[in-house]
1. Just the residues that are among the hydroxyl-bearing types (Ser, Thr, Tyr) and out of contact with any Asp or Glu (no Cβ under 8 Å at 6 or more places or on another chain), please, taken from the range 92-124.
2. For the range 53-68, what are the residues that are assigned to a loop (DSSP other than H, G, I, E, B), farther than 18 Å from Ser140 by Cβ and either in contact with a strand residue (DSSP E or B) (Cβ under 7 Å, 6 or more places away or on another chain) or among the small types (Gly, Ala, Ser) (or both)?
3. Can you give me the number of residues within the range 39-52 that are in a strand (DSSP E or B) and out of contact with any Asp or Glu (no Cβ under 8 Å at 6 or more places or on another chain)?
4. What number of residues within the range 90-109 are more than 11 Å from the chain's Cα centre (by Cα) and either hydrophobic (A, V, I, L, M, F, W, C) or at pLDDT below 95 (or both)?
5. Kindly list, by first and then second residue, each pair from a residue in the range 206-223 that is at positive phi to a residue that is of a type in the set (Val, Ile, Thr), limited to pairs with Cβ atoms under 6 Å and residues at least 6 apart or on different chains.
6. May I ask you to say which residue of Val47, Val11 is in contact with a strand residue (DSSP E or B) (Cβ under 8 Å, 6 or more places away or on another chain), surrounded by 13 or more Cβ atoms within 10 Å (Cβ to Cβ), over 24 Å from Thr98 (Cα atoms) and at pLDDT below 95?
7. Can you tell me which of (1) in contact with an Asp or Glu (Cβ under 7 Å, 6 or more places away or on another chain); (2) surrounded by 20 or more Cβ atoms within 10 Å (Cβ to Cβ); (3) of a type in the set (Gly, Ala, Ser) is the one Ala81 doesn't meet?
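The values are calculated or read from the model by the stated rules, or taken from the named source; none is laboratory data. Keep in mind the model is a prediction, meaning the values are calculated, not measured. Note: ideal-geometry Cβ built from the backbone for every residue, glycine included; neighbour counts use all protein chains shown.
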Amino acid sequence: MQRYFVEKEQVEANKVRILGEDARHISRVMRGRPGDKIIVCDGADLVVLAELETVEQSEVIADIIEEIAEKSEARFRVSIAQSLPKGDKLETVIQKCTEIGAHEFIPFLSERTVVQYDAKKEEKRLQRWSKIAKEAAEQSHRSRIPNVSQPLTYKQLLKRFGDYDLILFCYEKENGLQLRDAVRPFAQSHTEAGANILLIIGPEGGFSEREALEAEAAGAAITGLGKRILRAETAGMTALSCILYESGEMGGNQ
């Protein structure tokens, strides 16, 4: 069943208003008719089954039939800090990691970031990244859309470490600590939902030794992702899957 995200103010009493591109999608692409049913989420806690009442290209009104109790969100809130990769690789990271279960995306600039940062262009890219996250959340039946933040500098990222319960810095020169070794004891000691994890992934050229030392000094666990070197756009997906497995999301140890 098709799923749509709306703002909280679009849900009033027993009705929901769907506007903009989503209204056009229902009316023109899905050819929705009164009586058709859809699932609507407010991006927070509300998920409802709704029946279309009126369908227009600019606005769709639907009657709320019932609330749906969903458990599609991951037990741990994993934020992926990804050093800006070349081309459209970040779009792939956002799409696939949203499907897997990421809570948030934090693009940042590191020493070996190749792309030239342009604030004016990045505003348009941020809008596109947010749209990709929304569409991936709808496709994968998420209850929430992962936030995509404005790109940060590396120093700004370090200052945010205090917001997280566990920080994982993926580095090919780790000193014997693999991701599983850091996540497994954390998952076993944090049995309740809601812990915040920051997963930090480098650019195509990897992190410098200085960056790794600064991250470790700020409280990050320096971890590896196995014997092979992964591409920048592959590392986040792999690490996120490992974290969710160890937390019991995919039949792991919990």
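1. Thr98, Thr113, Tyr117
2. Listed by number, the list holds a single entry, Ser58.
3. Here the count works out to 3.
4. Counting residues in the range 90-109 that are more than 11 Å from the chain's Cα centre (by Cα) and either hydrophobic (A, V, I, L, M, F, W, C) or at pLDDT below 95 (or both) gives 3.
5. Short answer, once both residue conditions are applied: Gly219/Ile167.
6. Details: Val47 fails: over 24 Å from Thr98 (Cα atoms).
Of Val47, Val11, the one residue that is in contact with a strand residue (DSSP E or B) (Cβ under 8 Å, 6 or more places away or on another chain), surrounded by 13 or more Cβ atoms within 10 Å (Cβ to Cβ), over 24 Å from Thr98 (Cα atoms) and at pLDDT below 95 is Val11.
7. The single condition Ala81 does not satisfy is (1).
One line per residue, one yes/no per condition, for (1) of a type in the set (A, V, I, L, M, F, W, C); (2) assigned by TED's automatic domain parsing to the domain that holds Leu158; (3) over 13 Å from Phe169 (Cα atoms); (4) surrounded by fewer than 17 Cβ atoms within 10 Å (Cβ to Cβ):
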position	(1), (2), (3), (4)
Ser189	no, yes, yes, yes
Gly202	no, yes, no, no
Gly205	no, yes, yes, yes
Ser208	no, yes, no, yes
Gly226	no, yes, yes, yes
Arg231	no, yes, yes, yes
Thr234	no, yes, yes, no
